[in-house]
Amino acid sequence: QTRPLRILSSGINAEYGGVHIDGYAGVVAHSIVVGSTAENPATGGLADAVLAAHNCAEAALRLIKAGNTNQQITETIQKITDAYNCSPLEGMLSYEIKRYQTEGATDKQIVLNPNEAQKKEIKSMEFAVHEVYAMDVFVTTGSGKMKESNVSTTVHKRSDETYLLKMKASRAFFSDVCNRFTLMPFTLRAFEDEKKAKMGLKECVTHELLHPYPVQHDSDGKPVAQFKYTVLVVPNGNIRINGGLFDPSLFKSEHQIEDKEVVALLAQSANRKAGGKKKKKKAKSAAEEAKSEAAADN
């Protein structure tokens, strides 16, 4: 059986979830500090990481609009994390997502803290109307370097590779994965017999039919805060379809954002402009006027 994880009573706990309807996915993540209240808020590094990550996510939301670029988000995230004496996790990416594609299969990417290879590979790009993004922010009070945890990986995702599996258990397991989850991520807890599923899993992972989602943490062992949401780019701004709930009174930091451009950006409303509604009303009024004139002529 999957080993249960202990909820930290004095650390950051990140909750991650996702659903899809006919292949169109919505993913979300949120970080909390158990026990923090308005009367007894989280302080120190815990508060710094959570507030920095939250503000990074909010700033990105205001920048994911048609005509803006991924580079603007990377630069803004660096300014915010610097203000809180934190670091974005190195190499972490956010992606444009499409039907049955939750990551990777696109050249439209947003990198939080690019490593040397990413600085050469990831190109500047503009956001466009009708695109959908899974914006994922990780912030730590440590160096930002990642290290794989010793916690067992239980979430996997099917790849595009092909291989003729040798073991009967592997073939049965992989067939079940294809039928039930298509190209979406899945957890081993979704199988009735988890031990049997693990028997078939090994060969699938060895031959890269399935890719694991390893549990990672900051290499210094410092706290990491995560916020994630799904956002749709529309003609008059964007629509965040999940996430967004946050109570700043639960956190108290000695740091604050002083960059005037970033402060002004965060002060902007995250709601899309109502231009479309006004146009519809104007169009409706014009139609009613034309109808009245035609009735008068008759």
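The rows are residues; the columns are (1) modelled with pLDDT of 90 or more; (2) in contact with a Gly (Cβ under 9 Å, 6 or more places away or on another chain); (3) open to solvent by less than 70 Å² (accessible area, probe 1.4 Å).
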residue: Ile110; (1), (2), (3): yes, no, yes
residue: Val137; (1), (2), (3): yes, no, yes
residue: Val151; (1), (2), (3): no, no, yes
residue: His156; (1), (2), (3): yes, no, yes
residue: Ser159; (1), (2), (3): yes, no, yes
residue: Thr162; (1), (2), (3): yes, no, no
residue: Ala172; (1), (2), (3): yes, yes, yes
Q: Starting from residues that are small (Gly, Ala, Ser) and surrounded by fewer than 18 Cβ atoms within 10 Å (Cβ to Cβ), keep the ones in segment 139-149 and report whichever is modelled with the lowest pLDDT.
A: Ser149
Q: Taking Ile73 as meeting all but one of (1) under 24 Å from Glu103 (Cβ atoms); (2) touching a residue at least 40 places away in the same chain (Cβ under 8 Å); (3) open to solvent by less than 60 Å² (accessible area, probe 1.4 Å), write down the number of the exception.
A: (2)
**Q.** Search result, residues across segment 82-109 that are touching a Leu at 6+ places or on another chain (Cβ under 7 Å) and under 28 Å from Val50 (Cβ atoms)
**A.** Tyr84, Pro88, Leu89, Met92, Gln109
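Of the residues that sit in segment 76-108 and are part of a loop (DSSP other than H, G, I, E, B) and within 15 Å of the chain's Cα centre (by Cα), which one is surrounded by the fewest Cβ atoms within 10 Å (Cβ to Cβ)? So that I can check it myself, show each step before the final result.
Of all residues in segment 76-108, those part of a loop (DSSP other than H, G, I, E, B) come to 84-86, 89, 91-92, 97, 99-100, 102-108.
Then keep just the ones that are within 15 Å of the chain's Cα centre (by Cα); that gives 89, 91-92, 97, 102-104, 108.
Numbers: Leu89: 24, Gly91: 18, Met92: 20, Ile97: 23, Thr102: 20, Glu103: 17, Gly104: 12, Lys108: 18.
Top of the filtered list is Gly104.
Here's the yes/no breakdown for (1) closer than 27 Å to Ile64 by Cα; (2) in contact (Cβ under 8 Å) with a residue 12 or more places away in the chain; (3) open to solvent by 80 Å² or more (accessible area, probe 1.4 Å):
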position: Glu194; (1), (2), (3): no, yes, no
position: Met199; (1), (2), (3): no, yes, yes
position: Lys202; (1), (2), (3): no, yes, yes
position: Val205; (1), (2), (3): no, yes, no
position: Gln226; (1), (2), (3): yes, yes, no
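Find the residue count for segment 19-44, including only residues that are of a type in the set (D, E, K, R) and under 13 Å from Lys252 (Cα atoms). Full working, then the answer.
Taking segment 19-44 first, the residues of a type in the set (D, E, K, R) are 22, 39.
Still in the list and also under 13 Å from Lys252 (Cα atoms): 39.
Counting residues in segment 19-44 that are of a type in the set (D, E, K, R) and under 13 Å from Lys252 (Cα atoms) gives 1.
The values are calculated or read from the model by the stated rules, or taken from the named source; none is laboratory data. Keep in mind that this is a model prediction, so the values were computed, not measured. So basically every Cβ, Gly included, is an ideal-geometry build from the backbone, and we count neighbours across all protein chains shown. Areas reflect the complete protein model, heavy atoms only, side chains present, ligands, DNA and RNA absent. Shrake-Rupley method; radii C 1.70, N 1.55, O 1.52, S 1.80 Å.
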